[in-house]
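Okay, so here's the structure we're looking at.
Read the figures in this text as sums done on the coordinates, not as results from a lab. Source: prediction; values computed, not measured. In this analysis, Cβ positions are derived from the backbone assuming ideal geometry, glycine residues included, and neighbour counts consider all displayed protein chains.
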Amino acid sequence: MTSENKNRVIALAAILVAGGALAWIAFGSIGENLVYYWKPSEMQAQGDKAIGATVRLGGVVVPGSIDTTSDAPNLRFKVADSHNPGAAKVDVRLTETPPQMFRDGIGVVVEGSLSKDNLFRSNRLMVNHSNEYRAPTDGGTLTDEQWKESLTQVK
């Protein structure tokens, strides 16, 4: 084997080893870390493993659970597996201003971590909504005065 062929074999072997190492690092433990989100019942089933881990929690906002009396921008509410009254629930504290679509009964995904006092501290909230556009129902038109008033309320 000539020195040129030896160099090619060594270079090819180095590329294969580096590629294999990179693939192992990238995909080796992706299966255990790939979670779109946990439901409240799944989070509760994890027990102490869920405490402190940064995860996404998905479910529906329990009607009547939104507490807007706390200091802004902190907002407290409960997320449940489903609309069923017996569904598992998790208390959530959100530290950002929620989107305008946020309301009772809407599907949400919150990102954050569960504390030892079983409060899910979230710094990000995403609202699940349909991608179907529905035109507003015919409710009349705004007068010029109503239109001007609505523009002054925008902050």
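Give me 104, 144 ranked fewest to most by other Cβ atoms within 10 Å of their Cβ, as a rough exposure proxy.
Ranked by crowding around the Cβ, least crowded first: 144, 104.
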- Count charges around residue 126 for me, please; just the other residues with Cβ under 9 Å from its Cβ, Lys/Arg as +1, Asp/Glu as -1. +1
- With the Cα gyration tensor of region 39-114 giving a ≥ b ≥ c as the square roots of its eigenvalues, does the rule (a/c under 1.5 for rounded; else a/b larger than b/c for prolate; else oblate) give rounded, prolate or oblate? oblate
- Give me 124, 56 ranked fewest to most by other Cβ atoms within 10 Å of their Cβ, as a rough exposure proxy. 124, 56
- Item | Pair residue 106, residue 144: separation of 7 Å Cα→Cβ label points (nm) | 3.4
